[in-house]
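Below are the structure tokens for one structure; questions will follow.
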Amino acid sequence: MLLEIKDLHASVEGKEILKGINLAVNAGEIHAIMGPNGSGKSTLAQVLAGREEYEVTAGEVTYDGKDLLDMAPEERAAEGVFMAFQYPVEIPGVNTQVFLQAALNAVRKHHGEEEMDALDFLALIEEKSKLVEIDKSFRRRSVNEGFSGGEKKRFEVFQMAMLEPKLGILDETDSGLDIDALKVVANGVNTLKNADNAFVLVTHYQRLLDYIVPDFVHVLSDGRIVRSGGKELALELEAKGYDWIKGDEQAEAA
Amino acid sequence: MTTSETKPRAEEHYLAAFRDFQTQRAGRETPWSRKLRANALQGFNATGFPIVRDEEWKFTDVRPITERAFAPAPLHQLNGLASGGIEDFTLGDLQSNRLVFVNGHYTPELSQLQALPQGITLGSLAEHIAHGSELVQEHLARTAGTTAPSPFTELNTAFMQDGLFLHIPNGLVIEDPIHLLFLSKASASPVMTSPRNLILVGANSQVTLIEHYASTARDEYFTNAVTEIVAGRNAVVDHYKLQMESETAFHVSTMQVQQERDVRFASHLVDLGGRLVRNNSNAVMGGEGIECTLNGLFLIAGEQHVDNHTVMDHARPHCNSFEVYTGVLGGSARGVFNGKIFVRRDAQKTDAKQSNRNLLLSNDALINTKPQLEIFADDVRCTHGATIGQLDEDALFYLRARGIDKNTARGILTYAFANDVMSGIKVEPLRALLEREVFTRLARM
């Protein structure tokens, strides 16, 4: 098993957001996590990436046989966990190419590999930028600075392609994208997918799942996974709306 | 009995030193220059050194300077100092017209001048003073004290030793930058050097100037520099000042720029060294259509104190000014930024932008920042902002989430913050050198 989350509780500023998440992801699988705003989807992604503002109060997360929660964010990244940010931060003054090189070499160093030489690195950029149809001029710009919303999301997928993670977590990467950009993002994931890696797609909309077919769909509500199923669950959810889930919960509580 | 009755005024020391100084300079002065110096000394003595009750010196206590007895190094003490390598200070492979001044004195054997277009005068100011140059008499000390009078400017005029005299007639371009290296070397007693530059750029002419202050010594010395620049119509002047004094040095400088119509002037000031530093950068836009930039970067740590006072004086309409000052402070460093913008009654359609961004890397570092706008015209646009902060946590996490360790990520972000001002440096070898220097210094902060 690549990722195993057991009874995960997490709080931010003393407020509990995740209230006992259980999830198992095997290599070769794509999982979609859906849910209404405020259900804890993004918190789950952030906790997995190692964001320090989120305090894990209970539970455990095992990644590739190791205790994920015990690892610094950079260690998780080096071990193959990649989160595509919902809101990629603009970093003025940090050249994109310098950033990519630093990231790639940090991960290589972690695995005891040599730094990639400049020519190989440029060739890799060339190859991967085709995959996400990103204009190469981004290399001369600062990280995310002045990128449109769609460019930022494509750049996240591009970085994922560069780093080739074992576990890709896409935090609402589809939000705010036009249909062309959405297809580019989906194509990126579909191309990167293989038997040894896995993807967790955190999304608010079923639309993404028209282009990336998940093996499992989980519905998150109020910090818990309230329903899991195959790809047809997403369609049902789309048809009935999130109130359907909430109604369920109320029924259970009653 | 109070101490003020027993302790002589700090100024007395300089009055006495001036008598020795005059003797040293015998044969190299004219009646005009003697009078200029004497008047300046009188002015200095009347005002006296500033104290922290003076509004302009509120955050910079100059007593560490006034408590010490600095004096100019006589020329004969230069024996031996003129030799010795300057390869650490040649700005990499920069091709330039280089003038080197050691402890205040022009040192031809270390300097390197290239062939220049006919009509240009470039050389030692002291020589042109000694020869009674009319252009020097017409312009020297005419503007330095006009925008922001300062006793240090008067002190410099009284004790000025040497520096660049440059006159470019109309319509000429000096291709390679002029590199002015003011080097302080070890000396038996505490040295005060008083560099003085006079730069006259004719209409449609172009030049790049690099003022570079450095040291091979670790003793206490005091640099008190003044640079006057007069730029004629449509002239293009790029000015850089690298303050890389030793960390035991005291450094006060004043730059006064007078601009005529359509001038493009840009100054980039980089402060890395010095124990106590005060820079005054004053730019007067005396014609329409001028574009004036005053940028600065200070990167300080330990006990360093750097104070940047700037004045953008919009005297005429339709001028644009740009100002970005960036500070990175570690240790218990102290920084001061005071940016004044005047928009005179005539100066309609002024567009003035100012920002001061500061990054504090430690809890003991401190910055005092004050934008000061005085606007007397009604159809103008002035924006200003000052920020003081720590590194952006979101950016830090973003880099870490890509595998970059925390320390490296902090280094990358700090460097990016500082790099903002450096990206405006057009002289490629200079920028490369500064980028390396800043990177190395940040790694130690």
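The values are calculated or read from the model by the stated rules, or taken from the named source; none is laboratory data. Since the model is a prediction, treat every value here as computed from it, not as a measurement. We place every Cβ from the backbone using ideal geometry, glycine too, and count neighbours over all the protein chains shown. Note: areas computed on protein heavy atoms with side chains; ligands, DNA, RNA excluded. Shrake-Rupley method; radii C 1.70, N 1.55, O 1.52, S 1.80 Å.
Among B:297, B:361, which is of a type outside the set (D, E, K, R) and at pLDDT 95 or above?
B:297
Can you name every residue in region A:132-157 that is open to solvent by less than 30 Å² (accessible area, probe 1.4 Å) and not β-branched (Val, Ile, Thr)?
Matches in region A:132-157: A:138, A:142, A:144, A:147, A:150, A:153, A:155, A:156.
For (1) within 22 Å of residue B:324 (Cβ to Cβ); (2) over 12 Å from the mean Cα position of the chain (by Cα); (3) not assigned by TED's automatic domain parsing to the domain that holds residue B:436, each residue gets a yes or a no:
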| site | (1), (2), (3) |
| --- | --- |
| B:224 | no, no, yes |
| B:240 | yes, no, yes |
| B:247 | no, yes, yes |
| B:270 | yes, no, yes |
| B:277 | yes, no, yes |
| B:281 | yes, no, yes |
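Listed residues B:123, B:85, B:92, B:48; which is touching an Asp or Glu at 6+ places or on another chain (Cβ under 8 Å) and among the small types (Gly, Ala, Ser)?
Checking each option against the conditions leaves just B:48.
Return the only residue of A:90, A:52 being touching a residue at least 24 places away in the same chain (Cβ under 8 Å) and either surrounded by 22 or more Cβ atoms within 10 Å (Cβ to Cβ) or within 9 Å of chain B (Cβ to nearest Cβ) (or both).
Being touching a residue at least 24 places away in the same chain (Cβ under 8 Å) and either surrounded by 22 or more Cβ atoms within 10 Å (Cβ to Cβ) or within 9 Å of chain B (Cβ to nearest Cβ) (or both) holds for just one of A:90, A:52, which is A:90.
Can you pull out every residue in region B:265-276 that is in a strand (DSSP E or B) and either under 16 Å from residue B:308 (Cβ atoms) or open to solvent by 10 Å² or more (accessible area, probe 1.4 Å) (or both)?
Answer for region B:265-276, where residues must be in a strand (DSSP E or B) and either under 16 Å from residue B:308 (Cβ atoms) or open to solvent by 10 Å² or more (accessible area, probe 1.4 Å) (or both): B:266, B:267, B:268, B:269, B:270, B:271, B:276.
Considering each of A:77, A:106, A:123 in turn, give the residue that is part of a helix (DSSP H, G or I) and open to solvent by 30 Å² or more (accessible area, probe 1.4 Å).
Answer to the check: A:123.
Something else now. If you scan region B:369-408, which residues turn out to be over 18 Å from residue B:328 (Cα atoms), of a type in the set (A, V, I, L, M, F, W, C) and touching a strand residue (DSSP E or B) at 6+ places or on another chain (Cβ under 7 Å)?
Correct list: B:373, B:375, B:376, B:377, B:380, B:382, B:401.
Checking residue B:223 against (1) in contact (Cβ under 8 Å) with a residue 60 or more places away in the chain; (2) touching a His at 6+ places or on another chain (Cβ under 9 Å); (3) of a type outside the set (A, V, I, L, M, F, W, C); (4) open to solvent by less than 10 Å² (accessible area, probe 1.4 Å), which single condition isn't satisfied?
(1) is the only condition that residue B:223 fails.
Can you tell me which of B:38, B:26, B:73, B:69 is open to solvent by 20 Å² or more (accessible area, probe 1.4 Å), out of contact with any Lys or Arg (no Cβ under 6 Å at 6 or more places or on another chain), in a loop (DSSP other than H, G, I, E, B) and farther than 30 Å from residue B:337 by Cα?
When all the criteria are applied, what remains is B:26.
Next question, about the same structure. Would you mind stating whether residue B:26 is more than 24 Å from the chain's Cα centre (by Cα) and at pLDDT 95 or above?
No: the conditions fail for residue B:26.
Of the residues in region B:197-212, how many are in contact with a Ser or Thr (Cβ under 8 Å, 6 or more places away or on another chain) and of a type in the set (S, T, N, Q)?
Counting residues in region B:197-212 that are in contact with a Ser or Thr (Cβ under 8 Å, 6 or more places away or on another chain) and of a type in the set (S, T, N, Q) gives 1.
Could I ask something else about it? Checking residue A:113 against (1) closer than 30 Å to residue A:181 by Cβ; (2) within 14 Å of chain B (Cβ to nearest Cβ); (3) free of Cβ contacts under 8 Å to residues at least 12 places away in the same chain, which test does it fail?
The failed condition is (1).
Would a scan of region B:258-272 turn up a residue that is touching a residue at least 12 places away in the same chain (Cβ under 8 Å) and at positive phi?
yes
Is it true that residue B:383 is surrounded by 24 or more Cβ atoms within 10 Å (Cβ to Cβ) and assigned to a strand (DSSP E or B)?
No, not satisfied.
Go through region A:73-82 and give me each residue that's at the interface with chain B (Cβ under 7 Å from one of its Cβ atoms) and within 16 Å of residue A:56 (Cβ to Cβ).
Scanning region A:73-82 gives a single hit, A:73.
Regarding region B:182-194, can at least one residue be identified that is at pLDDT 95 or above, in a loop (DSSP other than H, G, I, E, B) and open to solvent by 10 Å² or more (accessible area, probe 1.4 Å)?
No, that holds for no residue.
Table: residues versus (1) in contact with a Pro (Cβ under 9 Å, 6 or more places away or on another chain); (2) small (Gly, Ala, Ser); (3) farther than 26 Å from residue B:284 by Cα.
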residue	(1), (2), (3)
B:351	no, no, no
B:370	no, no, no
B:438	no, no, yes
B:443	no, yes, yes
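Checking the condition over 22 Å from the mean Cα position of the chain (by Cα) and either crowded, with 17+ Cβ neighbours inside 10 Å or within 21 Å of residue B:295 (Cβ to Cβ) (or both), which residue from B:329, B:360 passes?
Being over 22 Å from the mean Cα position of the chain (by Cα) and either crowded, with 17+ Cβ neighbours inside 10 Å or within 21 Å of residue B:295 (Cβ to Cβ) (or both) holds for just one of B:329, B:360, which is B:360.
Also: Among the listed residues B:393, B:435, B:374, which satisfies the condition of being open to solvent by 20 Å² or more (accessible area, probe 1.4 Å), at negative phi, modelled with pLDDT under 95 and within 27 Å of the chain's Cα centre (by Cα)?
Answer to the selection: B:435.
Among the candidates A:95, A:144, A:105, single out the residue that is of a type in the set (S, T, N, Q), more than 27 Å from residue A:182 (Cα to Cα) and within 13 Å of chain B (Cβ to nearest Cβ).
Unique residue meeting the criteria: A:105.
A further question follows. Checking residue B:425 against (1) within 13 Å of chain A (Cβ to nearest Cβ); (2) within 24 Å of residue B:280 (Cβ to Cβ), which single condition isn't satisfied?
Here residue B:425 meets the rest and fails (1).
I'd like to verify a number: residues in region A:60-72 that are within 18 Å of residue B:391 (Cβ to Cβ) and more than 8 Å from chain B (Cβ to nearest Cβ), how many?
0
Out of B:262, B:307, I need the residue that is part of a strand (DSSP E or B), among the acidic types (Asp, Glu) and modelled with pLDDT of 95 or more. Which one?
Being part of a strand (DSSP E or B), among the acidic types (Asp, Glu) and modelled with pLDDT of 95 or more holds for just one of B:262, B:307, which is B:307.
Just the residues that are assigned to a loop (DSSP other than H, G, I, E, B) and surrounded by fewer than 17 Cβ atoms within 10 Å (Cβ to Cβ), please, taken from region B:170-181.
B:170, B:171, B:175, B:176
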